[in-house]
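All remarks here apply to the structure that follows.
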Amino acid sequence: MKDIKRLMDMSDVFFCKNRLGDYNHLCTKPKGHAGRCSKNHLSNFIKKINHKAGNKLALDSYSTPGNKGAAKNRADRCYPVQFTKEQIYEANKRGDHGTCIPLRFASTPEDCFYINVDLASQIFSIGSGELDFQSLNEEEMGLVDLLKNIASEHHPTGVECRICKNKIKFENFDTEHATSDEFSVQLGHITPYLNGKELTAHVAGNTQWIHRDCNIIQGEKTEEETLESIRSILRAHGYTVSKENNRG
């Protein structure tokens, strides 16, 4: 997991963080803002940089992946009824429908908030140069300064997929339903099962954008387990691979 204490400290100083809605999500407008609080204010700002990236940011920060059967489809990550994989299996056998969310995709309002900020800073680091700063108001310029500071500390050269090490690009967000390719961006959890147990992985410091195929390859393994699996496959095909140098 990443150390994001600095990100959390800067966020606490800048954002309103008032509670709102049925699940007590935190407001992502600046302190002292006008109008109603909103958890999606930061995501809406990112839409000005790249609309599809902003939409994906809002969805993945706060909603579970698509499901069917006992697990709700695209439900709020703070939904209180949270089942393990075994409990979902039993509920599906009973014919339950839309009664829970998977425990491994659940979260808290605080973690959703910091994940939203972290993922937004990753998107900002990809292409803040596409933003017309002259068209922004004072409040939006405050967001620019905050995201610049976070991105410069955590993602000074952009964002790499943690598995293939290729850069995440805006074009990777540009997909429609059923048109995803191997480089399409998905939300990745660095450690899918924390401490080897079925606990939620949607916690601050444990999320980063990842390519679709790399997310499939990682599955429920840790990053190191994934890389060791790839090394084993390459060795089985006659390639010389070491932990220190992955080039044959």
Check your understanding: Taking Lys148, is it free of Cβ contacts under 8 Å to residues at least 40 places away in the same chain and either over 12 Å from Trp209 (Cα atoms) or among the charged types (D, E, K, R) (or both)?
Key -> yes
**Study point:** Any chance Thr200 is surrounded by 19 or more Cβ atoms within 10 Å (Cβ to Cβ), in a loop (DSSP other than H, G, I, E, B) and not aromatic (Phe, Trp, Tyr)
**Key:** yes
Study note, to complete from the structure: For region 84-96, the count of residues that are outside any helix (DSSP H, G or I) and at pLDDT below 95 equals 1
Practice item. Kindly indicate whether Lys48 is under 30 Å from Gln134 (Cα atoms) and among the basic types (Lys, Arg). Key: yes
Point to revise | Failed condition for Ile49, given (1) in a helix (DSSP H, G or I); (2) surrounded by 20 or more Cβ atoms within 10 Å (Cβ to Cβ); (3) touching a residue at least 40 places away in the same chain (Cβ under 8 Å) | key: (1)
Point to revise | Residue count, region 204-248 (criterion: under 30 Å from Asp9 (Cα atoms) and at pLDDT 90 or above) | key: 9
Review point. If you scan region 77-99, which residues turn out to be of a type in the set (D, E, K, R) and farther than 25 Å from Gly205 by Cα?
Key: Glu86, Glu90, Lys93, Arg94, Asp96
Exercise for review: Quick one: in region 97-117, of everything that is aliphatic (A, V, I, L, M), at pLDDT 95 or above and assigned to a helix (DSSP H, G or I), which residue is farthest from Gly69 (Cα to Cα)?
Suggested key: Val117
Review point. Looking at (1) of a type in the set (Lys, Arg); (2) in a loop (DSSP other than H, G, I, E, B); (3) more than 15 Å from the chain's Cα centre (by Cα), can you tell me which one Arg162 breaks?
Key: (3)
Exercise for review: Might you check whether a residue that is farther than 22 Å from Ala58 by Cα and modelled with pLDDT of 85 or more occurs anywhere in region 172-181?
Suggested key: no
Exercise for review: Kindly establish whether Asp60 is in contact with a helix residue (DSSP H, G or I) (Cβ under 9 Å, 6 or more places away or on another chain), farther than 30 Å from Asp132 by Cβ and among the acidic types (Asp, Glu).
Suggested key: no
Practice item. Would you be able to tell me the number of residues in region 18-45 that are over 25 Å from Phe133 (Cα atoms) and out of contact with any Phe, Trp or Tyr (no Cβ under 6 Å at 6 or more places or on another chain)? Key: 8
Point to revise | Candidates Ala120, Ala34, Ala53 - the one that is at pLDDT below 95 and under 14 Å from the mean Cα position of the chain (by Cα) | key: Ala53
Review point. Restricting the search to region 15-46, which residues are polar (S, T, N, Q) and in contact (Cβ under 8 Å) with a residue 40 or more places away in the chain?
Key: Asn24, Thr28, Ser43
Check your understanding: With respect to the numbered conditions (1) farther than 18 Å from Thr200 by Cα; (2) surrounded by fewer than 20 Cβ atoms within 10 Å (Cβ to Cβ); (3) of a type outside the set (A, V, I, L, M); (4) free of Cβ contacts under 8 Å to residues at least 40 places away in the same chain, which one is the sole condition not fulfilled by Arg74?
Key -> (1)
Practice item. Filter region 62-108 for residues that are acidic (Asp, Glu) and under 22 Å from the mean Cα position of the chain (by Cα) and give the result. Key: Asp76
Review point. Out of all the residues in region 129-141, is one or more hydrophobic (A, V, I, L, M, F, W, C), closer than 22 Å to Met1 by Cα and either out of contact with any Cys (no Cβ under 9 Å at 6 or more places or on another chain) or in a loop (DSSP other than H, G, I, E, B) (or both)?
Key: no
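The values are calculated or read from the model by the stated rules, or taken from the named source; none is laboratory data. Predicted model, so just to flag it, every value in this text is computed and none were measured. Cβ atoms come from the backbone with ideal geometry, glycine included; neighbour counts cover every protein chain shown.
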